[in-house]
Amino acid sequence: MNWWILFIAGLLEVGWAIGLKYTEGFTRLWPTVWTALSMMFSVGLLGVAMKSLPVGTAYAVWVGIGAIGTAVMGIVLFSESANVFRLLSLLLILAGIVGLKISAP
């Protein structure tokens with residue numbers, strides 16, 4: 001169950017990272033509110049998941065999900081580069097996440 005909580009926390013991390021772009025330096029009220037809520041729930045769920053998951057594994061997986069998701073959303077929403085080297089790098093992060101999941105007790 002804590003792996004699912006961690007996954008949701010990672011998705012919320014993507015939400016707040018992308019939300020930062022829409023806040024325009026925290027000058028827009030509603031994007032700022034949603035971004036702040038995403039931050040709070042993301043970190044809160046990370047804390048819940050860490051009750052039974054190793055801290056290093058949980059944090060690395062959380063950051064990895066956030067990094068991959070944010071990069072993909074940047075490509076989709078903001079037309080950021082999707083060159084082969086960048087996509088390969090994202091696959092390496094994914095491989096690390098899978099490796100951490102497999103090796104976790």
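The values are calculated or read from the model by the stated rules, or taken from the named source; none is laboratory data. This one's a predicted model, so the numbers in the text were calculated from it and none came from an experiment. Positions of Cβ are generated from backbone atoms using ideal geometry, with glycine treated the same way; all protein chains shown enter the neighbour counts. Remember, those area values only see protein heavy atoms, side chains included, never the ligands or the DNA or RNA. Shrake-Rupley method; radii C 1.70, N 1.55, O 1.52, S 1.80 Å.
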Quick one: among Phe85, Phe41, Phe26, which has the greatest mean-square fluctuation in a GNM of the chain with alpha-carbon springs under 10 angstrom?
Phe85
Helical contribution to [θ] at 222 nm, DSSP H n ≥ 4, -39,500 (n - 2.57), averaged over the chain, rounded to 500
-29000 deg cm²/dmol
Å² of accessible area per residue within the chain, as computed with a 1.4 Å probe and no ligands counted:
62 Å²
Of all accessible heavy-atom area on the chain, the percent that carbon and sulfur account for (1.4 Å):
77 percent
Once the Cβ-Cβ distance between Val63 and Val84 is put in as r, and R0 is 30 Å, what FRET efficiency do you end up with, to the nearest 0.05?
0.80
Which residue, Gly56, Gly47, Gly25, has the most motion in a Gaussian network model of the chain that connects Cα atoms within less than 10 Å?
Gly25
Under the rule of at least 5 residues apart or a separate chain, name every residue whose amide H is placed under 5 Å from the amide H of Glu80.
Ile75
